[in-house]
């Protein structure tokens with residue numbers, strides 16, 4: 001299961017039933033769980049923590065030091081959960097003193113050429129398209145779909161269950177459940193098809209739609225719009241998520 005042409009540092013911890021292809025490089029201070037497939041020419045560098053049942057394709061680099069001039073060699077990690085598919089040439093940098101770790105959750109698909117910068121947090125069940133780039137300390141919530149060639153400014157937050165059109169770039173937060181697209185990027189409706197596929201009921205979808213109609217079409221400022229939502233729409237978990245996301249946004253939401 002381990003090619004004799006791979007290099008594995010003697011201090012690296014490798015779980016059971018791990019397939020390691022030729023010319024793989026595995027550094028010291030690396031922990032790899034069970035049933036992983038690591039394909040030729042992948043690099044698993046210092047500080048990497050990889051769970052179980054992941055597939056890591058050729059040319060991927062996990063755990064490289066941050067592309068951040070403030071990084072001074074502190075002990076940090078790049079943490080990958082379970083059941084992820086990490087395609088060719090994906091780069092996942094480890095954290096800095098800011099948060100200490102970069103995190104990719106479970107059951108994600110990171111397509112070819114994706115970059116996950118230092119201290120970024122990718123949730124679970126996300127799809128990230130080819131050549132999409134995340135700057136430092138980005139947060140992506142569960143079940144987000146990000147198309148190819150998307151550029152994310154540092155500190156941005158992407159809500160769950162939404163979809164971002166290919167080729168977009170943004171420096172503000174993307175609220176949950178919506179489609180974001182056009183140039184410059186803007187709210188383009190709610191992700192109705194995606195919500196139905198995830199089992200959302202017609203009532204849930206209607207409440208979400210009504211909430212965003214108030215936020216984007218009422219002409220009110222955000223504070224007044226959120227107050228109207230509280231007064232007119234049932235406070236379900238979905239609506240509370242929208243309100244909490246917007247109220248806690250550090251960069252403001254796209255308009």
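The values are calculated or read from the model by the stated rules, or taken from the named source; none is laboratory data. These numbers come from a predicted model, not from an experiment. Cβ sites come from the backbone with ideal geometry, for glycine too, and all protein chains shown count toward neighbours.
Summary of computed values
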| read-out | value |
| --- | --- |
| Residue in region 26-42 that is closer than 23 Å to residue 135 by Cβ and either buried (at least 17 other Cβ atoms within 10 Å of the Cβ) or touching a strand residue (DSSP E or B) at 6+ places or on another chain (Cβ under 6 Å) (or both) present | no |
| Single match in 107, 93 (criterion: out of contact with any strand residue (DSSP E or B) (no Cβ under 6 Å at 6 or more places or on another chain) and more than 18 Å from residue 148 (Cβ to Cβ)) | 107 |
| Count - residues of region 240-249 that are surrounded by 11 or more Cβ atoms within 10 Å (Cβ to Cβ) and assigned to a loop (DSSP other than H, G, I, E, B) | 1 |
| Residue 63 within 29 Å of residue 145 (Cβ to Cβ) and either out of contact with any strand residue (DSSP E or B) (no Cβ under 9 Å at 6 or more places or on another chain) or not in a loop (DSSP other than H, G, I, E, B) (or both) | yes |
| Boolean, residue 2 is surrounded by 17 or more Cβ atoms within 10 Å (Cβ to Cβ), out of contact with any helix residue (DSSP H, G or I) (no Cβ under 9 Å at 6 or more places or on another chain) and at pLDDT 95 or above | no |
| Criterion (free of Cβ contacts under 8 Å to residues at least 60 places away in the same chain, more than 21 Å from residue 92 (Cα to Cα) and not assigned by TED's automatic domain parsing to the domain that holds residue 110) met by exactly one of 154, 165 | 165 |
| Every pair of residues 6+ apart whose Cβ atoms lie under 6 Å, when the first sits in region 196-215 and is in contact (Cβ under 8 Å) with a residue 40 or more places away in the chain while the second is in a loop (DSSP other than H, G, I, E, B) | none |
| Hey, residue 70 farther than 18 Å from residue 48 by Cα, out of contact with any helix residue (DSSP H, G or I) (no Cβ under 7 Å at 6 or more places or on another chain) and either in the same structural domain as residue 51 (by TED's automatic domain parsing) or touching a residue at least 40 places away in the same chain (Cβ under 8 Å) (or both) or not | yes |
| Candidate set from region 170-219 (those that are part of a loop (DSSP other than H, G, I, E, B) and touching a helix residue (DSSP H, G or I) at 6+ places or on another chain (Cβ under 7 Å)); member that is modelled with the lowest pLDDT | 218 |
| Test: residue in region 76-85 that is in the same structural domain as residue 122 (by TED's automatic domain parsing), in contact with a strand residue (DSSP E or B) (Cβ under 9 Å, 6 or more places away or on another chain), farther than 26 Å from residue 40 by Cβ and at pLDDT 95 or above | yes |
